[in-house]
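What follows is a short report on a single structure.
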Amino acid sequence: MRRRTFLQGTTAAMIVGAVPKLAFGQDNTITFGGSVPMTGAAAETGQNVLQGYQCAVNFINEEMGGVEIGGQNYQLALNLFDDASDPARATTLIQRQVDEGINFFLGSFGSNIVLPTCAITEAAGRIMVQAGGGSDLIFTQGRKRVFGIFPRASRQFVSSVNMFTGLDPVVKTVSIIYTNDAFSKFQAEGARANLEEAGIEVLDYIGLPAEVSDVSNVLTSVRENTPDVLVCTTHDQTSILIARQMVSSDTNVPMLYQTLGPQTSAFRDALGNYANGIVTQAYWSERAPFSGDYFGSAADFAEYFRANFDRELTYHMASGAVCIVAYIEAARRAGSLDVDAVRDALSAIDFECFYGHVRFTEDGDGDASLLGPLLIQRQEGEMEVIAPLDGASAEPIYPAPTWEERA
Amino acid sequence: MTLFLQTVLNGLVLGGIYSLAAVGFSLVFGVLGIVNLTHGIFVVAGAYGALLFFGQIGIDPLVAIIPIGLVLFAVGYVYQRTIIQWAVSRASLVASLVVTFGVAMMARNGLQLVFGPDVHTITPAYSFMSLTLGPLRMDVVRLVALGASLVLLVVLALVLARTHFGRAIRATAQQPLAAELSGLNVRNLHGLTFGLGAAMAGASGAIIGIVQPFTAASEVAWTLNAFIVVVLGGIGSPAGALVGGLLLGMINAFTAQYIGPSLTQAAMFLVLVLMLLVRPSGLLGNAFGESR
């Protein structure tokens, strides 16, 4: 009898273990799965995105008392793991969560991680909304359940070229340095196409490997040609290296424009006053005139974040938070937690919130006309919006002072 | 011609840093026969140490080399006498590969836990100065790094060649049994050699910290670079590390300038494979190999 009870119990336990967990909607809790680079090379920005996710969950649970979907109130929960900036580890983590029955995924940071992980969620019929992968490959391979807050990389440069053509003296030549990875390369290709379309000559188009310890030779080429604008579609650490070596080798250009890096406190600490005048992109500004149901205005989001989290606020936090806001808004509109209904609602979503006007293209990336980057320039230590003109808080400083003058 | 000379200069400066970062790895490999995959951790720990000294007390990283070297010497000694020696004595030299790999992973995460995931840089007053020599231009910080690297390599070479300690290390490397029969404490000398390697790695880390941004994850690249330098230059001697480092710097600079920066790593690994095929002991050979 005892043996029979044991066998029955074991069999029951095995069956329970084999059935996928109903993570979404179970016990009135909506659980978001995913992985984030909490350690490794992309950890600095990964932590920023993670705190954005946490901020949205905290706000919706604690300030809004949860969210009502289809007449039922739900709390939100995160089931995020550290992928250590490693695509191989991330795919294992995501596959496990898919097997466990998670339906709704948030993205990691970096196209090299988002690309293989979104392929898994798509194949399993799950949804991913992410603010960490902009590579064109994510959005041009026919996926229907992957949504990106940012426009695809090749469409991220339109507003920049508009600014260049409006500068006085007008920008005639540009050199581009890019990291040879799935995101930066597409961004650089988009930049080159947009620049050439606008009649701006691209003097140099230089690819860097992912790990760089020295850019002296690249800067020698830049000094030989001296473009009006040096565009770097590189990641944080490489951007710091380039900027520091430009200062220390006295390589001056009228405008240094780095798409990633200058937003971070590490960049400011590494460059000090030399960070002034450097232009970068941001997909959100706390000074932007947007507001909506969640958090209120952009400034309200900034205030809530600072009151509850310790990291320096960058646009990555807002981008992370709006992923969850988009999910919840779509589920509310669908009136259901059914995966297909939420997917359809996400696909059709069109609403304004603290982040801006959220709308996705047919391919799932952010609509470039609404969610394209703002251009930011550090001026006297403050990050000022210099383009587009509608939301600008300062005039661009161009040509920028020489490094010696910035010391 | 100017471009060529500038490329040579860039390659030399980069190579000097590679040399210093690799010499500790080379020494440990040559004397103990251990491929120390924790090497990059010592380099990055040196950089974090310099960051602490500079940020908290305002001590210049070049001065901080001394206390950092002492601390890492002690850490390296204890690490070898305990974990590595246990692993090697209970299994084989191959076990040290797995053990150092595991320790490196744990240490990397430990450093990240303590210092955070953010990118760090050390910015002394001379960080942003440059020197101009005719049409050639070089940032002071890299020249300082090259100078400090050369000084430390020469000091290490003198220690190995002229002191009793150095002779004991060489004797241990060449004939461990004979060295032991002559009254040398080989186990202790292995620990001291490992400590010396860790100290040199830490010193290089302090210098690297002022040259480029770093995170805990940077350690992987520095272990890999050290391995390539040793394969190119030869095992066990400062001269081998210097030759290997300078060669690696030149390969890096010339590939970046004349072929394309995105192919620098491909070029490095191509040369690595060719060297392993043609001259597996490196250009200067194994400094201790002939007597074995």
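The values are calculated or read from the model by the stated rules, or taken from the named source; none is laboratory data. Remember, predicted model here, so these are calculated numbers, not experimental data. Every residue, glycine as well, gets a Cβ built from its backbone with ideal geometry; the counts of neighbours run over all protein chains shown. Keep in mind that these areas ignore ligands, DNA and RNA; they rest on the heavy atoms of the full protein, side chains included. Shrake-Rupley method; radii C 1.70, N 1.55, O 1.52, S 1.80 Å.
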- Index of the failed condition, A:V322 passing every other in (1) touching a strand residue (DSSP E or B) at 6+ places or on another chain (Cβ under 6 Å); (2) open to solvent by less than 20 Å² (accessible area, probe 1.4 Å): (1)
- Message: Only one of A:A282, A:A321 is among the small types (G, A, S), touching a residue at least 60 places away in the same chain (Cβ under 8 Å) and in contact with a Gly (Cβ under 9 Å, 6 or more places away or on another chain). Can you tell me which?
- Response: A:A321
- Message: Can you list the helices (runs of 4 or more DSSP H) lying wholly within the stretch A:263-355 that have 3 or more residues being closer than 25 Å to A:G133 by Cβ and not assigned by TED's automatic domain parsing to the domain that holds A:E382?
- Response: A:298-308, A:315-334, A:339-348
- Message: Test of understanding: among B:L196, B:L177, B:L270, B:L247, which residue is at pLDDT below 90 and either open to solvent by 20 Å² or more (accessible area, probe 1.4 Å) or away from chain A (no Cβ under 14 Å) (or both)?
- Response: B:L177
- Please find, among B:L9, B:L14, B:L5, B:L20, the residue that is farther than 23 Å from B:S237 by Cβ, in contact with a helix residue (DSSP H, G or I) (Cβ under 9 Å, 6 or more places away or on another chain) and in a helix (DSSP H, G or I). B:L9
- Item | All positions within the stretch A:199-222 that are among the small types (G, A, S) and either at the interface with another protein chain (Cβ under 10 Å from one of its Cβ atoms) or open to solvent by less than 30 Å² (accessible area, probe 1.4 Å) (or both) | A:G207, A:A210, A:S213, A:S216, A:S221
- Query: Can A:F267 be described as at pLDDT 95 or above and among the hydrophobic types (A, V, I, L, M, F, W, C)?
  - Reply: no
- Task: Output the residues belonging to the stretch A:44-69 that are touching a residue at least 40 places away in the same chain (Cβ under 8 Å), farther than 29 Å from A:H235 by Cα and open to solvent by less than 60 Å² (accessible area, probe 1.4 Å).
- Result: A:N58, A:F59, A:I60, A:V67, A:I69
- Residue check, B:V140 at pLDDT below 90, within 14 Å of chain A (Cβ to nearest Cβ) and surrounded by fewer than 21 Cβ atoms within 10 Å (Cβ to Cβ): yes
- Task: State which residue is modelled with the lowest pLDDT when the search covers only the stretch A:141-173 and only residues that are of a type in the set (D, E, K, R) and assigned to a loop (DSSP other than H, G, I, E, B).
- Result: A:D168
- Message: Suppose we filter A:I138, A:I176 for residues that are open to solvent by less than 20 Å² (accessible area, probe 1.4 Å), in contact with an Asp or Glu (Cβ under 8 Å, 6 or more places away or on another chain) and part of a helix (DSSP H, G or I); which single one remains?
- Response: A:I138
- Message: Pairs please, first residue from the stretch A:78-89 and away from chain B (no Cβ under 14 Å), second anywhere and open to solvent by 30 Å² or more (accessible area, probe 1.4 Å) and not in a loop (DSSP other than H, G, I, E, B), Cβ atoms under 7 Å, 6+ apart in sequence or on different chains.
- Response: A:L78/A:Q54; A:P87/A:N112; A:P87/A:P116
- Message: Need pairs with beta-carbon distance below 9 Å; first residue open to solvent by 10 Å² or more (accessible area, probe 1.4 Å) and within the stretch A:27-41, second assigned to a strand (DSSP E or B) and among the acidic types (D, E); sequence gap 6+ or separate chains.
- Response: A:M38/A:D82; A:T39/A:D82; A:G40/A:D82
- Query: Condition test on A:N225, is it within 14 Å of chain B (Cβ to nearest Cβ), farther than 30 Å from A:G356 by Cβ and in contact (Cβ under 8 Å) with a residue 60 or more places away in the chain?
  - Reply: no
- Query: What single numbered condition from (1) in contact with a strand residue (DSSP E or B) (Cβ under 7 Å, 6 or more places away or on another chain); (2) hydroxyl-bearing (S, T, Y); (3) open to solvent by 10 Å² or more (accessible area, probe 1.4 Å) fails to hold for A:T361?
  - Reply: (1)
- Message: If the requirement is being open to solvent by 30 Å² or more (accessible area, probe 1.4 Å), within 14 Å of chain B (Cβ to nearest Cβ), at negative phi and more than 18 Å from the chain's Cα centre (by Cα), which of these qualifies: A:A407, A:A392?
- Response: A:A407
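Matching residues to (1) farther than 30 Å from A:D236 by Cβ; (2) touching a residue at least 24 places away in the same chain (Cβ under 8 Å):
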| site | (1), (2) |
| --- | --- |
| B:A87 | yes, no |
| B:A95 | yes, no |
| B:V99 | yes, no |
| B:V119 | no, yes |
| B:P124 | no, yes |
| B:V140 | no, no |
| B:A145 | no, yes |
| B:V154 | yes, yes |
| B:H164 | yes, no |
- From the list A:D214, A:D269, A:D236, pick out the single residue that is acidic (D, E), free of Cβ contacts under 8 Å to residues at least 12 places away in the same chain and closer than 30 Å to A:V114 by Cα. A:D269
- Message: Checking A:R306 against (1) out of contact with any strand residue (DSSP E or B) (no Cβ under 9 Å at 6 or more places or on another chain); (2) more than 12 Å from every other protein chain (Cβ to nearest Cβ); (3) open to solvent by less than 10 Å² (accessible area, probe 1.4 Å): exactly one of these is not met. Which one?
- Response: (3)
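Okay, residues lined up against (1) within 14 Å of another protein chain (Cβ to nearest Cβ); (2) closer than 30 Å to B:V88 by Cβ; (3) open to solvent by less than 10 Å² (accessible area, probe 1.4 Å):
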site	(1), (2), (3)
B:G30	no, yes, yes
B:V35	no, yes, no
B:V43	yes, yes, yes
B:D60	no, no, no
- Look at the stretch A:310-331 and say how many of its residues are more than 13 Å from the chain's Cα centre (by Cα) and modelled with pLDDT of 95 or more. 8
- Note on the structure: Screening B:G236, B:G205, B:G240, B:G260 for residues that are under 29 Å from A:S249 (Cβ atoms) and open to solvent by less than 10 Å² (accessible area, probe 1.4 Å) leaves only B:G205
- Quick one: would you say A:I94 is closer than 22 Å to A:L346 by Cβ, within 14 Å of the chain's Cα centre (by Cα) and in a helix (DSSP H, G or I)? no
- Message: I'd like to verify a number: residues in the stretch B:43-52 that are closer than 13 Å to B:I207 by Cβ and of a type outside the set (G, A, S), how many?
- Response: 3
